[in-house]
Amino acid sequence: MDEPDGWYAVALGADIEPSTSAGTRLFGHELVVWRDAAGAVHVWEDRCPHRGMRLSFGFVRGDHIACLYHGWRYDAAGQCRFIPAHPDLAVSPMIRTRTFPCRERAGLIWVRWGSPADDAPEAAPDEAAPVSPLRSLYLDAPAARLAAALGGTGSDGLARLDLAGSPVLVAVQPLAAAASAAHIVVPAAPEAPTADLARLAAACITLRRTIEGAAP
Amino acid sequence: MSLRLYDYELDENGYKVRLALGALGLDCETVAVDMVPGAEQTRSPLIDLNPLGTLPILVDGGTVLREAEAILAYLARRYDPAGTWLPQEPAAFGETLMWLAFATRELHAASLARRAALFDHPGDGPELESRSRAAFRAMEDHIVLRGLSGAGWFAGTGPTIADLALFPAFALSRDFGIDHEAYPGLRRWSRRVRGLPGFRTMPGIPDYH
């Protein structure tokens, strides 16, 4: 599939809690999204260079992530720092995993794919504008169909959608040829009434049904 | 009190009971049954204890029970008089039973998918996978909705036996090729389940997380 350079949202920030990791995909490439104990997020290729095990199956300790297979530990730069079977070994600088630039904004975790001309998303929503996470919606539908249903995305990578009468911001993640995700946040104060969010979450399910049911 | 559980280590239904025993802090004698490949539960003497030839089986004095969900309900009613794990309040009680039914019906596809993947049981792989995904999606939608109203568990206000009955299928889903990518709400919920006092792992569920 086409893999246009750009910034892509891969998760709601709130869904990646400190000291946890999650696997995801971008254009079919497996990525691990993890947050260290201090709160910084990291997006890497989801593969331990040792035996190819997915690092998203592993565990986070402090500012390292460790592989579930043999406990090889990687620092925030993707460099292997410790091999439990060889505790005295000075680990070769060659043993490192591929990392991607990432950032958090608008309540979402974004990864830079390729070399986008502008280092967007730079524009709105304002860094300071508060958003409430609504949910990530995973669809059995191509990203193009999802994006079309949202009416296209702005230069900041976000689509503006009226969901059951309330404005929401949506970022589209192309997972694979026939799978995509919509990461949805509400531009509102964090202390927004919960009943409203629940109503919007119900509308998300209708949205998913509509898009998945639409003709390709 | 002398509890005895007839169990097979790799069986997710037995694991539900082990989770409940851990949560309730109960001692239990475990009898390891050769379910795969021996099918020991389909022959005497186990078939005399449970004529349906299934596992797990719980024996508590003169009480003999089969079906993991029934065993969970029994253990909660018998050993948790406060009603934490099987709420007394009617709505929470109803919700708990609703999700117990889900664990036996909708999630049965996940159970069959796992048996097909691990034990070469016959089964239509793609069909079972698609039904399992549909079940996980229904769980994800529910737990996301619950989360937005400030609740972290499937029924009632705290963890119940519904959470224990639903956990194994999701936690073991990679055994039959379903990743957790599409279920961030369930991922966070399963982390809460793992944090419950008395939580235990089983093969396929890492000790570390």
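Values in this text are rule-based calculations from the coordinates and carry no lab data. Predicted model only: the values in this text are computed from it and were never measured. Using ideal geometry, Cβ is built from the backbone for each residue, glycine included, and neighbour counts are taken over all protein chains shown.
Rounded to the nearest 20 debye, the dipole size of the protein assembly as shown about its Cα centre is 200 debye, using +1 on the Cβ of Lys and Arg and -1 on the Cβ of Asp and Glu. The phi-based Karplus calculation (6.51 cos²θ - 1.76 cosθ + 1.60; θ = phi - 60°) puts the 3J(HN,Hα) values of region A:93-101 at x, 6, 8, 8, 10, 7, 10, 10, x Hz, whole numbers, x for Gly and Pro.
Shape verdict for region A:56-104, please, from the Cα gyration tensor: rounded (a/c under 1.5), prolate (a/b greater than b/c) or oblate. Oblate, because a/c is 1.5 or more while a/b does not exceed b/c. Which of the three applies to region B:90-194, rounded, prolate or oblate, going by the alpha-carbon gyration tensor with a ≥ b ≥ c and a/c under 1.5 meaning rounded? Prolate shape, in that a/c is at least 1.5 and a/b is the bigger ratio. Select from A:Pro133, A:Pro187, A:Pro167 the residue whose mean-square fluctuation is largest in a Gaussian network model of chain A (Cα-Cα springs shorter than 10 Å). Taking springs between Cα atoms under 10 Å, the residue moving most is A:Pro167. 3J(HN,Hα) along region B:110-119: 5, 4, 5, 4, 5, 5, 5, 6, 8, 10 Hz, from the Karplus curve 6.51 cos²θ - 1.76 cosθ + 1.60 with θ = phi - 60°, whole Hz, x for Gly and Pro. Annotation: amide H-H contacts under 5 Å for A:Trp113 (H modelled 1.01 Å from N, sequence separation of 5 or more, or interchain): A:Gly6, A:Trp7, A:Tyr8. Packing, as the average of other Cβ atoms within 10 Å across residues, places the peptides A:44-54, B:9-19 in the order B:9-19, A:44-54, highest first. Separation of region B:54-114 and region A:14-84, taken as the distance between their Cα centroids, equals 36 angstrom. Label sites at A:Arg51 and B:Val36, each approximated as a point 7 angstrom past Cα along Cα to Cβ, lie 2.0 nm apart.
Amide H to amide H, with H built 1.01 Å from N, B:Val33 comes under 5 Å of B:Asp7, B:Tyr8, B:Glu9, counting only residues 5 or more places away or on other chains. Here the calculated FRET efficiency for B:Thr104 and A:Ala178, from their Cβ-Cβ distance with R0 = 41 Å, stands at 0.85, rounded to the nearest 0.05. Listed values for region A:18-26 are Karplus-derived 3J(HN,Hα) couplings in whole Hz (6.51 cos²θ - 1.76 cosθ + 1.60, θ = phi - 60°), namely x, 6, 10, 9, 8, x, 8, 9, 9, and x replaces Gly and Pro.
Along the axis of the charge dipole computed for the protein assembly as shown (Cβ charges of +1 for Lys and Arg, -1 for Asp and Glu, origin at the Cα centre), the listed residues A:Leu12, B:Ala117, B:Gly158 are led at the positive end by B:Gly158. All Cα-Cα distances of chain B, cut into 10 Å bins from zero to the largest, leave 8, 35, 38, 17, 2, 0 percent in each bin in turn. For region B:19-115, the gyration tensor built on C-alpha atoms gives an oblate shape. Its axis ratio a/c (a ≥ b ≥ c) is at least 1.5, and a/b is not larger than b/c.
By the Cβ-Cβ criterion of under 4.7 Å, the unpaired cysteines of chain A are A:Cys80, A:Cys102, A:Cys204.
In the frame of its principal axes, region A:7-100 has Cα extents of 39, 28, 20 Å, reported largest first.
P(r) tail for the protein assembly as shown: Cα pairs beyond 34 Å make up 37% of the total.
Counts of other chain beta carbons within 10 angstrom of each beta carbon in peptide A:56-66 average 2. Per-residue mean of foreign Cβ neighbours for B:175-185 is 5 (Cβ atoms of other chains, 10 Å radius).
For chain A, the calculated P(r) over all alpha carbon pairs, in 10 Å bins from 0 to the bin holding the longest distance, is 8, 32, 33, 19, 7, 1, 0 percent. Close amide H pairs (under 5 Å, H built 1.01 Å from N) link A:Ile65 with A:Tyr74, residues at least 5 positions away or on another chain.
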